[in-house]
Amino acid sequence: MDQKKLKKDYPDGVNFLLTGVGGQGTILASNVLADLGLALGYDVKKAEIHGMSQRGGTVISYIRWGEQVFSPIISKGDADIIIAFEKLEALRSIEQIKPGGLLLINDYAIVPVTVSSGIFEYPEDEKIHKTIIPFTSNEFWVKGLDIAEEIGYPKASNVVLLGALSTLLGIDEQVFLKVIAARIPQKYYSLNELAFQRGANSIIG
Amino acid sequence: MKRLLSGNEAVARGAWEAGCSVASGYPGTPSTEIMETFARFPNVYAEWAPNEKVGLDVAIGAAYAGKRTISTMKHVGLNVAADSLFYVAMTGIEAGLVIVSADDPSMHSSQNEQDNRQFAKFSRIPCLDPADSQESRDFTIAAFDLSEQFDTPVMLRMTTRVCHTSSPVEMTEQQQQIPAKGPYPRNTAKYVMIPVNARKRHPIIEERIEDLAQFAESFAYNRIEYRKNDLGIITGGVAYQYAREVFPQASILKLGMVFPLPVEMIRSFCKNVEKVIVLEELDPFIEDQVRLMGFDIYRPNHVEKSETYHTKSIFPITGELNPEIVRFSAQKAGLLEFTVKKEGTSINLPLPARPPTLCPGCPHRSSFYVLSKLKVPVNGDIGCYTLGVAPPLSTIDTCGCMGASIGVAHGAAVAGDQERHVAVIGDSTFFHTGIPALINVAYNRSNVITVIMDNRVTGMTGHQDNPGTGFTLQHQATVQLDIEMLVRACGIEKVLTVDAFEVEIIEKTLKQWMKEAGPAVLITKEECALLPSARKKYLPLLVTDQCNGCTVCFRIGCPAILKSEELDPKYHRPLAIIDQELCTGCEICAQVCPRDAILFRDQVIAQRKSEEV
């Protein structure tokens, strides 16, 4: 499978940072990206931290594709691609992005208790966007949950984002879907396929 | 066959391939998935023990009985099991015994970041330190062979980053067939550690470490990678990855076995490179040993004392390493040029923190709400309920280690502290090390009030079965420990079990007990809100127009209760709303609301029905 665009845009491999809130399906998405890297012939490392952070806290995983990957951790300013499953978390990780790197944001807010208890304010979309500008102009917002809800499967907002990613990276849809199929129960496949395609089209449209 | 495995999955895989057939351990991040993975393999016995000490004793018994055995725990678990570690280091075994210690640099979910390589040296057993999943699998297999070859338990020392990083692993499909050993040993000189025997064993294990150091010279997983000779790096564990990432041209002595060390190998490495440094996470464990051997390790002129321990020369002694830290430390030490990085952009927007909190519907919330009102000193323990420390509940005053709550509360009480002391502890932690402490409270008659928060599962580590759940790790139905009966058997006469969501009963009971002398135990029982059976009962509650923004419900710290943008017309305070995605319908908020402005479950159902009509 020739992934010309990918090899041209990322000749040294790809560093992904996935961020979200516990329970948002970031783990499945990072597993899929790790499998995809292997399917595309890369060496792969995928790192995530379990434990206390899962209780409503920020969840971050790193996936690295390359000829030979050493460190599981991505250094500051070395993330080629950040996928934020929650808007506020996009900002929390933005300093990790490579100048001009690709930022894919799920247009969805999970209000932390520090906001609901009145200590902080949740930043407005405009403020989020303005904060991102100095880091990258390569910013895409996807209504992951809305799209997933439209097809009647709100759980698949993570797969909507993966669909969007496939368009942005020019990765063969069939290769991607095959990897997803191997990670989910068969009875949910057609819904996930639909979510993926709606996500992929959301970028073109 | 090659598959993507986490370090933990790879250890389980390696153990199975090596013919290990018995496993016992206690859950603890980052080690938990080793047992969970191993338990699913064919032809194995795997169990959760009530604590790490019991787990290790079980493993030792199995290894005495001739079965290859593994015992897993997090780093602080080995403190609990240390007594057993030291005797088995003396006795040796009949079949391979591997002790996995999963350390947690940076304390992602721990109370300290102790470096358990020190335990290997302390107890005189070899220590293998893998750098990725392939090595996790390979070293596990090697550890069983080493264990039998040298008649010693072997420590496999993992770290969070290795445990929870996935990378491709080459493996086989076969479980080694281990030939049956003889009958259970009747070898008192070796296995009965009375002083007369122990005195004879001690020189033997000192010799064993000498032999292992010899063996280390040719051990396949100690290797030298020569590249340029101006810089040589001695490293082990995950730090090897950072060495390769940050110093692609440097020569590297990669130690798979970090104790004991191969002195000749180190000598020849030091001879062949101009400058030698040691790159390791946490303690200067390798570095101190190499210095003691008399080799010259490069030391920069200016070492900031605040960042490095006096014998650790370049890299920080605290926290997990990463390429950024390694690069920066190396630059400061003059090993790398400072690169002119484009003026690093940083954001100047204060971001709302997202601290871990008790989940919506958590059955621990009610007790913490009551305790926060009572303003008594609360001695906490290790588990989800440690999150009772977070605002707005802010209820935990001390928390040190597993099982400490009851003993600490007792100590404060017998010291004559004027306030009434409370201990809070979860079901699994109570079974772990809480029971002896409660016996002490009963026996020595202190005034301690203990709240056992029984959420019917080991929660924080991700829902492991325990002696209270009625099931084993391998899903066999079993007896369910009756906590109330056990508490009574400990000698506590004042015991009450209540539904954890009953705020009023909890408050009334605790207030009454505060007035009376003597020890008491309140068991608050309700399953964890994240268990599948609990999820089936979710029913989001509603706020009515009776709400006047009085803020009482905000004080229970539930993530499902939000401040509305709508203000109360009279007081201009934000009204409460309930997030319908997050709310489980536990009714704690409805109970504390002074204006009955939050509907209870049956009221919600009735309202829905009337809307349908």
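The values are calculated or read from the model by the stated rules, or taken from the named source; none is laboratory data. The structure displayed is predicted, hence computed values, not measured ones. All Cβ positions, glycine included, derive from the backbone under ideal geometry; neighbour counts span all protein chains shown.
Here are some notes:
- Selection from the range A:30-48 of residues that are in a helix (DSSP H, G or I), in contact with a strand residue (DSSP E or B) (Cβ under 6 Å, 6 or more places away or on another chain) and more than 7 Å from chain B (Cβ to nearest Cβ): A:30, A:33, A:37
Conditions tested, residue by residue: (1) surrounded by fewer than 24 Cβ atoms within 10 Å (Cβ to Cβ); (2) in contact with a strand residue (DSSP E or B) (Cβ under 9 Å, 6 or more places away or on another chain).
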site	(1), (2)
B:73	no, yes
B:76	yes, no
B:82	yes, no
B:88	no, yes
B:99	no, yes
B:105	yes, yes
B:119	no, yes
B:125	no, yes
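- The set of residues from the range A:57-79 being over 17 Å from the mean Cα position of the chain (by Cα) and more than 9 Å from every other protein chain (Cβ to nearest Cβ) comprises A:66, A:67.
- Test set (1) over 12 Å from residue A:106 (Cβ atoms); (2) in contact with a helix residue (DSSP H, G or I) (Cβ under 8 Å, 6 or more places away or on another chain) - residue A:143 fails condition number: (1)
- Positions within the range A:126-142 being assigned to a loop (DSSP other than H, G, I, E, B) and either more than 9 Å from chain B (Cβ to nearest Cβ) or surrounded by 19 or more Cβ atoms within 10 Å (Cβ to Cβ) (or both), in sequence order: A:133, A:135, A:136, A:137, A:138
- The set of residues in the range B:228-247 that are more than 14 Å from chain A (Cβ to nearest Cβ) and either out of contact with any Asp or Glu (no Cβ under 9 Å at 6 or more places or on another chain) or not in a strand (DSSP E or B) (or both) contains only B:228.
- Verdict on residue B:346 being within 12 Å of chain A (Cβ to nearest Cβ), over 30 Å from residue A:95 (Cβ atoms), modelled with pLDDT under 95 and surrounded by fewer than 23 Cβ atoms within 10 Å (Cβ to Cβ): no
- Subset of the range A:96-124 [surrounded by fewer than 21 Cβ atoms within 10 Å (Cβ to Cβ) and over 22 Å from residue B:355 (Cα atoms)]: A:98, A:99, A:100, A:101
- Members of the range B:289-327 that are farther than 18 Å from residue B:159 by Cβ, under 30 Å from the mean Cα position of the chain (by Cα) and modelled with pLDDT of 95 or more: B:289, B:327
- Qualifying positions in the range B:9-57 - part of a strand (DSSP E or B), buried (at least 24 other Cβ atoms within 10 Å of the Cβ) and among the hydrophobic types (A, V, I, L, M, F, W, C): B:23, B:46, B:48
- Residue, farthest from residue B:363 (Cα to Cα), within the range B:573-599, restricted to residues that are at pLDDT 95 or above and surrounded by fewer than 16 Cβ atoms within 10 Å (Cβ to Cβ): B:595
- Residues satisfying the stated conditions in the range A:85-108, i.e. over 20 Å from residue A:13 (Cα atoms) and not in a helix (DSSP H, G or I): A:85, A:86, A:105, A:106, A:107, A:108
- Meets criteria (without any contact (Cβ under 8 Å) to a residue 12 or more places away in the chain, under 21 Å from residue B:112 (Cβ atoms) and outside any loop (DSSP other than H, G, I, E, B)) for residue B:434: no
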